[in-house]
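J.: Before I ask anything, here is the structure I am working with.
The values are calculated or read from the model by the stated rules, or taken from the named source; none is laboratory data. Here the structure is a predicted model, which is why all the values come from computation and not from measurement. Virtual Cβ from ideal backbone geometry, glycine too; neighbours counted across all protein chains shown. In case anyone asks, the SASA skips ligands and DNA or RNA and just uses the protein heavy atoms, side chains included. Shrake-Rupley method; radii C 1.70, N 1.55, O 1.52, S 1.80 Å.
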Amino acid sequence: MNICENCNRPLDNDYYPTITEKNIIRFILNYQENNRKTPSFREILSNVGLKSTASIHKYLHKLQNKGFVSLETAEHRSITILKRVD
């Protein structure tokens, strides 16, 4: 069982990103470093191997709920990575 370092409570498995979520975070970070802007949903889609922009939207909202990203809904290309993955 995994324990939170701050509150010493058991961590839910939803706290950890899945392999696909890690790939999305890594791609966004690499893209931002190389292009100095955030990738579009279609650019993420083509590089992560998913089949629809709706699935990217779903994964990003899951990551937002887990505290890994911040999304500004009114802004274009506005994904901010809050936590890095290993």
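J.: Please go through the range 49-83 and pick out each residue that is surrounded by 10 or more Cβ atoms within 10 Å (Cβ to Cβ), at pLDDT below 85 and charged (D, E, K, R).
T.: Within the range 49-83, Glu72, Arg77 meet the criteria.
J.: Those residues that are in a loop (DSSP other than H, G, I, E, B) and among the aliphatic types (A, V, I, L, M), I need them from the range 67-85; list them, please.
T.: Passing the criteria: Ala74, Leu82, Val85.
J.: So which residues in the range 1-43 are part of a helix (DSSP H, G or I), at pLDDT 65 or above and open to solvent by 60 Å² or more (accessible area, probe 1.4 Å)?
T.: Answer for the range 1-43, where residues must be part of a helix (DSSP H, G or I), at pLDDT 65 or above and open to solvent by 60 Å² or more (accessible area, probe 1.4 Å): Tyr15, Ile19, Asn23, Arg26, Asn30, Glu33, Asn34, Asn35, Phe41, Arg42.
J.: Can you pull out every residue in the range 34-62 that is closer than 17 Å to Ser78 by Cβ and either in contact with a Phe, Trp or Tyr (Cβ under 9 Å, 6 or more places away or on another chain) or acidic (Asp, Glu) (or both)?
T.: Within the range 34-62, Lys37, Thr38, Pro39, Glu43, Ile44, Thr53, Ile56, His57, Leu60 qualify.
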